[in-house]
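This report concerns only the one structure given below.
Bear in mind that the values in this text are calculations on the coordinates, not laboratory data. Remember, predicted model here, so these are calculated numbers, not experimental data. Backbone-built Cβ (ideal geometry, glycine too); neighbour counts: all protein chains shown.
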Amino acid sequence: MKEISWNEFEQVELRVGTVLEVHDFPEARNPAYKLIIDFGNDVGTRKSSAQITHHYTKEELIGKQVIGVVNFPEKQIGPFMSQCLVTGFYDEEGMVILAVPDKEVSNGAKLG
């Protein structure tokens, strides 16, 4: 594991957002959804591709708060431009379980 400084960690913008829309992403190499997430007034809405289809249905993701990195450069994923990275942890099967706040917080709140 590479050790980083506190200053390096502070540069990562981890923000809370609420999932507004979820769409299938049939062009993705691995099963994934296309998400539209509201990160509040300062950041706005961002698009993300997330390989979370194993544990989550589209319906249960609507309105769910997630934690995302919002200051990475945009990344082209097939025909889709991802604007943030939704965070999560891999389970024993290698499937993603989302990292989420355990209580509701304001969209755009920064991990501190």
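Quick one: in the stretch 2-15, which of the residues that are in contact (Cβ under 8 Å) with a residue 24 or more places away in the chain and out of contact with any Lys or Arg (no Cβ under 6 Å at 6 or more places or on another chain) is surrounded by the fewest Cβ atoms within 10 Å (Cβ to Cβ)?
In this case the residue turns out to be 11.
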Among the candidates 45, 87, 18, which residue alone is among the hydroxyl-bearing types (Ser, Thr, Tyr) and either exposed (fewer than 13 other Cβ atoms within 10 Å of the Cβ) or free of Cβ contacts under 8 Å to residues at least 60 places away in the same chain (or both)? 45
Selection from the stretch 43-101 of residues closer than 15 Å to residue 20 by Cα, touching an Asp or Glu at 6+ places or on another chain (Cβ under 7 Å) and of a type in the set (Ser, Thr, Tyr) yields 45
Identify, from the list 73, 31, the residue that is surrounded by fewer than 20 Cβ atoms within 10 Å (Cβ to Cβ) and within 22 Å of residue 91 (Cα to Cα). 31
Count - residues of the stretch 48-66 that are without any contact (Cβ under 8 Å) to a residue 40 or more places away in the chain and assigned to a strand (DSSP E or B): 2
